[in-house]
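To keep things clear, I will list the structure first and then write my remarks on it.
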Amino acid sequence: MFDLTAPKTLANIQVVDASEGQAASGAALNTSQIVFLRDGMNVTVNVASVPPNAANPNPSGITIYGGDDSSVINLGTGSDTVVLGSATETVNGDGGGALVQATAAFAGALVSGTAAGQTTLEIIGGGTAALNADTTHATVQLDAATNLTLSKMSFITAVARSRATASPPRRPTRRWRPGRGRHADRL
């Protein structure tokens, strides 16, 4: 674990280099990484992809908890997770399976996936959310009733999911794609 919130004072750090890892499995040790960013400390986080241990069935990845800042997070090609700490953070996917979690208040953060990967922006808790106009190559997943405003962006899919029943897996209940229907910018 790499916790930038732990030291009482911390200054003059501009770049954080981190690596993806894997959760423990059998004899394979835990190499997974967790990074906590510090409020007010704007850094660039570069996540390096490493070859997975073939004896470990768990995917490679990293978990990053954002701060109340304007940090730029450059992900690797693994199954990476970012929990946004503000609407001014930027997350750049690199072709892996990225999960970016945000409250409605932080949904305006810039999230850039790639055509080769699967980047999901999961908006948790509902409310009123507006995506960043430059967010691209992402699937937006709504976990609760949300008034979602999308600009004229491209390569965005919005999926509303219902938690009404606990037994079957959650299923999409409505899909949105830009430029279709009378209200192409609202879901």
- Query: How long is the gain from Ala11 to Ser25 if the chain were fully straight, where each residue apart is worth 0.36 nm and the alpha carbon distance is subtracted?
  - Reply: 1.3 nm
- Query: Counting pairs of alpha carbon atoms under 8 Å apart in space and at least six apart in sequence, what relative contact order in percent does region 2-176 give?
  - Reply: 13 percent
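Output the peptides 74-81, 128-135 sorted from most to least packed, where packing is the average of other Cβ atoms within 10 Å over each peptide's residues.
Details: 74-81: 22.8, 128-135: 17.4.
Ranking the peptides 74-81, 128-135 by packing returns 74-81, 128-135.
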- Query: If you plug each phi of region 112-119 into the Karplus form 6.51 cos²θ - 1.76 cosθ + 1.60 with θ = phi - 60°, what whole-Hz ³J(HN,Hα) values come out, in order, with x for Gly and Pro?
  - Reply: 10, x, 10, 5, 7, x, 10, 9
- Gain on full stretching of the segment that runs from Ala115 to Thr139 - 0.36 nm per residue minus C-alpha separation: 7.5 nm
- Could you list which residues have their amide H under 5 Å from that of Tyr65, counting only those 5 or more apart in sequence or on another chain, with H placed in the peptide plane? Val35, Phe36, Leu37, Val83
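Readers should treat all values here as calculations from the given coordinates under stated rules, not as data from a laboratory. Predicted model, so just to flag it, every value in this text is computed and none were measured. When we count neighbours, we look across all protein chains shown, and the Cβ atoms used for this are built from the backbone with ideal geometry, even at glycine.
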